[in-house]
C-alpha cells in the first residue's frame, strides 16, 4: 500500500471506547496513513503522545439517550454540524466512528465520506431467537425457548428499536438527511469492526459488512508496581474506571481473599475512596497499574466486566471472575462463563463468601485457564487493530475506485 490516506477516527472519551480507537489509529498510521482522533479534550495527551493528530470533540450524553426534542437531545445534530468544518478541512478518505458517537456518523454521511463503525465490545445487535442484549442470559437450548425469545424480539424489542429509529430520523432531519428504514442506523452497513474475540460471540448469521477483528488494545504507560512477596498465585482486582464510586468490588475482594493462600494486587483505578480501604497482609492496593505487567503474571483477574479489562485478561490466558455492575457488563460476564473462560457473580452476590468460593473454583479447576489460553492463542495470531486498519483502508480505497 503506497497511497497515503487521511482517516478520521472519532471516539467516546471513556477508556473502554477511546483506547481501542487509539489502537486502531496507531495501526492505520503504521500503514502510512494520516490519522486524526476526535475525542474528549482530556485524552489529548494520550493521542498526541502516539504521534496522532487530535481534534477536540463536542461532549454530549449518549447513554441513556436523551429525549430528541429536549435541548440535550438536539445536541447530536448540533455536534455533527460543528464537525463539518473539520471534515471540510481534513477531507478524510474515511471516517471511523465509535458506536457511541452519533455526531461523526451523521457528519460523515452529510459530507459523503465512507463510514465504518468501531464496536469495542460484543456485537450488540440481537439475533432473533436469542436473549436481549445486555441482560446477561445464555442462548436458549430448546426450540420452545427460541420461539419465546423470537416472540419477545418481534414485540418488546421491536418497540424499542422503532423508537430508536424515530429518534435517529429526527436528528437526521435536522441535518437535511433523508429518513432511514433500517434499525440500528448508527452502525455503518458498509463496515462494522467488532473488536472482541469470536469465542465470546454466540453462533449466529452475520450481516454483510460485520467483521470480528479481535480486541484492539492500548494502555497508558505506567511504572511497574511491586508485587506482594511470595510465590502463591497472584490475583488481580481490576475494577471499572467509570463505575463503583465506593470501591465495593475492591473492598469485597480484599476481604474475601485476606486469609486465602494467594497474593493480591488491587487498583482503585483512580477512584478516590470515600472512606479508608482495609488492605490485608497478602495484598497491595495501588491507584493505577499496567495491565501489560499484571495480566500475564496473574492466575485470576476479578473485574466488573468492562470489555477492555476482560479482553486484556483473556489475551494473557488468564481466567476472569466478573461481577457485573451496569450496562453491557452482564452480557460480557455471561459470554465469559459461556465460553468456559471464567465465572459470572451477579452484583447482588458480590459479598466475601460468594466471591471467595468463585475465586477458589477458578484457581483450582484447570479447565478455566485452559479455555482462557485457547482464546489467548487465537489472539496472538490475530491483531485486532491491524486487521481493523486493513479493513478501513480497503473501504476507503474501494470508495475512491468507485468514484
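What follows draws every value from the coordinates through simple rules; no lab data is involved. Predicted model only: the values in this text are computed from it and were never measured. For neighbour counting, all protein chains shown are included, and Cβ atoms are generated from backbone atoms with ideal geometry for every residue, glycine included.
In this structure, residue 48 and residue 148 have a Cβ-Cβ separation that, at R0 = 51 Å, corresponds to a calculated FRET efficiency of about 0.50. Once a ≥ b ≥ c are taken as the square roots of the eigenvalues of the Cα gyration tensor of the chain, is the result rounded (a/c under 1.5), prolate (a/b larger than b/c) or oblate (a/b not larger than b/c)? Prolate is the answer for the chain, as a/c is 1.5 or above and a/b outweighs b/c. Secondary-structure-derived ellipticity at 222 nm for the chain, considering helices only, amounts to -12000 deg cm²/dmol, per-run term -39500 (n - 2.57) for DSSP H runs with n ≥ 4.
From the Cα gyration tensor of the stretch 267-328, with a ≥ b ≥ c the square roots of its eigenvalues, which class applies: rounded if a/c is under 1.5, or else prolate if a/b is larger than b/c, or else oblate? Here the stretch 267-328 falls in the oblate category.
Considering all C-alpha pairs of the stretch 234-380, those separated by over 28 Å amount to 8%.
When a/c is below 1.5 the answer is rounded, else prolate if a/b is larger than b/c, else oblate, so apply that to the stretch 174-261 with a ≥ b ≥ c taken from the square roots of the Cα gyration tensor eigenvalues.
Values: a/c = 2.79, a/b = 2.32, b/c = 1.20.
Because a/c hits 1.5 or more and a/b exceeds b/c, the stretch 174-261 counts as prolate.
Computed extension length for residue 382-residue 34: 122.9 nm, one decimal, from 0.36 nm per residue of separation with the Cα-Cα distance subtracted. Here the relative contact order of the chain, from alpha carbon pairs under 8 Å that lie six or more residues apart, stands at 16 percent.
In plain terms, the chain from residue 348 to residue 132 could stretch by 75.7 nm, reckoned as 0.36 nm per residue minus the Cα-Cα distance. In this calculation the C-beta distance from residue 357 to residue 155 is compared with R0 = 51 Å, giving a FRET efficiency of 0.85. Between residue 365 and residue 204, the distance separating the two model label sites (each 7 Å from Cα on the Cα→Cβ line) works out to 2.6 nm. Estimated translational diffusion coefficient (Stokes-Einstein, Kirkwood radius over Cα pairs, 37 °C, 0.692 mPa s) of the stretch 325-380: 270 µm² per second.
Annotation: the antiparallel percentage among DSSP beta bridges lying fully within the chain is about 0.
Between residue 222 and residue 279, the C-beta separation translates, for a Förster distance of 25 Å, into a calculated FRET efficiency of about 0.80. For the stretch 234-380, the relative contact order comes to 24 percent (Cα pairs under 8 Å, sequence separation of at least 6).
Working from label points 7 Å from Cα in the Cα-to-Cβ sense, the residue 182 to residue 288 distance is 4.0 nm. Extending 7 Å from Cα along the Cβ direction at residue 81 and again at residue 166 yields two label points whose distance is 2.4 nm.
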